[in-house]
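Have a look at the structure below, then the notes.
The values are calculated or read from the model by the stated rules, or taken from the named source; none is laboratory data. From a predicted model like this one, the values you see are computed outputs, not experimental measurements. Cβ: placed from backbone, ideal geometry, glycine included. Neighbour counts: every protein chain shown.
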Amino acid sequence: MNPLKKRDLFIALGFLVVLLLLPLAVGHSRYLLSVLMNCAGLSLIAFGVWLTFTIGRINICQAGFALIGGYTTAIVLSRYGLSFWVALPLSALVAAAIGALIGSFILKLRGIYFSMLTISLTEAIRLAFLNGGDFTQGSKGITGLPQPFGGDSPLPMYYLAVALLALGLLVTWRVYYSRLGRIFRAMRLNEDLAESFGTNVWRYRVVAFAIACALGGLGGAYFAVFTQSVYPQSFTVEHSIYYMLYCFLGGLEFVSGAMVGAFVLTILFELLSQFQQYQTLVYGILMIAVILVLPNGLVAIRAAVKESRA
């Protein structure tokens with residue numbers, strides 16, 4: 001196992017072990033556990049953005065597919081009365097199918113053209129649910145969704161978040177460190193060269209995008225039952241930009257990068273809440289400083305320290 005993969009595995013497993021054991025330290029604190037659940041759900045969605053980076057595309061429409069997943073779960077639970085355990089995989093499948101359909105057209109674009117189109121796509125999906133009439137309940141959204149676990153303890157929902165995070169991590173890891181991942185990386189470096197060796201570039205682009213959308217749908221489904229509601233404003237372009245920033249900050253060369261970035265930035269935002277109206281300003285300045293100092297992400301901080309000492 002090469003050193004980068006070993007470090008990636010160590011960080012990923014370390015995160016999961018800490019999350020599993022953390023309730024023993026913090027007890028049943030609803031606030032702390034809800035922050036961690038939020039971090040886990042955001043990481044799950046961000047894995048999809050990170051995976052799209054591996055084919056050389058900047059994905060700013062992940063919030064739209066999280067919204068599709070959230071509404072799929074909400075409609076299945078509220079309108080058809082099916083179990084959450086049916087709604088959860090169904091949300092991922094619906095998001096993946098829609099992502100594959102849309103991706104088969106928009107993935108022909110590259111660079112800023114693809115990024116700008118994904119921004120428009122997020123807003124188009126939001127407006128579609130906003131104007132969905134009785135089916136989506138318009139601006140009122142769908143509320144009162146039942147959680148899959150009874151009782152007052154937040155621990156079952158917390159461990160569900162950790163389990164989904166582990167699933168997203170496993171899927172992303174298996175894709176990235178497999179033959180499929182090597183093809184994705186080759187496409188990111190030079191699509192024309194990859195195609196000249198017989199690679200069906202269009203098909204692999206669609207596969208990568210569909211997996212990314214499925215992860216977004218899964219995260220959206222979790223947030224729908226976590227908050228027991230979903231609205232057209234639950235996931236917006238702003239959220240898509242945050243998912244992208246998580247990947248940049250954590251590191252684009254490590255699977256664990258999206259997870260590290262999501263946890264660090266979300267917890268940092270909570271800690272800065274005392275600054276109130278200056279919260280976003282301070283948050284932005286700190287983010288810019290970190291990205292400038294660590295262009296390869298927080299996961300590569302050890303290498304950056306060694307390089308500075310040398």
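Couple of notes before you dig in:
- Residue in segment 227-243 that is over 29 Å from Gln147 (Cα atoms), touching a residue at least 12 places away in the same chain (Cβ under 8 Å) and of a type outside the set (A, V, I, L, M) present: no
- The single condition from (1) under 19 Å from Leu294 (Cβ atoms); (2) in a helix (DSSP H, G or I) that Val255 fails is (2).
- Options Val76, Val86, Val94; residue that is of a type in the set (Val, Ile, Thr), under 19 Å from Ile125 (Cβ atoms) and without any contact (Cβ under 8 Å) to a residue 24 or more places away in the chain: Val76
- Scan of segment 111-138 for residues that are within 22 Å of Tyr80 (Cβ to Cβ), touching a residue at least 24 places away in the same chain (Cβ under 8 Å) and buried (at least 19 other Cβ atoms within 10 Å of the Cβ), ordered by number: Ile125, Phe129, Thr136
- Screening Gly141, Gly181 for residues that are in contact with a strand residue (DSSP E or B) (Cβ under 9 Å, 6 or more places away or on another chain) and either loosely packed, with under 13 Cβ neighbours inside 10 Å or not charged (D, E, K, R) (or both) leaves exactly one candidate, Gly141.
- Qualifying residue in segment 233-240 (condition: part of a loop (DSSP other than H, G, I, E, B), acidic (Asp, Glu) and more than 18 Å from Leu101 (Cα to Cα)): no
- Of the listed requirements (1) within 26 Å of Pro156 (Cβ to Cβ); (2) not in a helix (DSSP H, G or I), Tyr222 misses just one: (2).
- From the list Leu215, Leu298, Leu249, the lone residue that is under 21 Å from Ala12 (Cβ atoms) and at pLDDT below 85 is Leu298.
- Residue match in segment 110-127 (condition: under 17 Å from Ser240 (Cα atoms), in contact with a Phe, Trp or Tyr (Cβ under 8 Å, 6 or more places away or on another chain) and of a type in the set (A, V, I, L, M, F, W, C)): yes
- Residue satisfying all of: in segment 1-11; assigned to a helix (DSSP H, G or I) and surrounded by fewer than 22 Cβ atoms within 10 Å (Cβ to Cβ); farthest from the chain's Cα centre (by Cα) among these: Pro3
- Subset of segment 17-52 (residues that are closer than 27 Å to Ser178 by Cβ, of a type in the set (A, V, I, L, M) and buried (at least 16 other Cβ atoms within 10 Å of the Cβ)): Leu19, Ala40, Leu42, Leu44, Ile45, Ala46, Val49, Leu51
- Counting only residues that are assigned to a helix (DSSP H, G or I) and surrounded by 15 or more Cβ atoms within 10 Å (Cβ to Cβ), segment 196-211 holds 9 of them.
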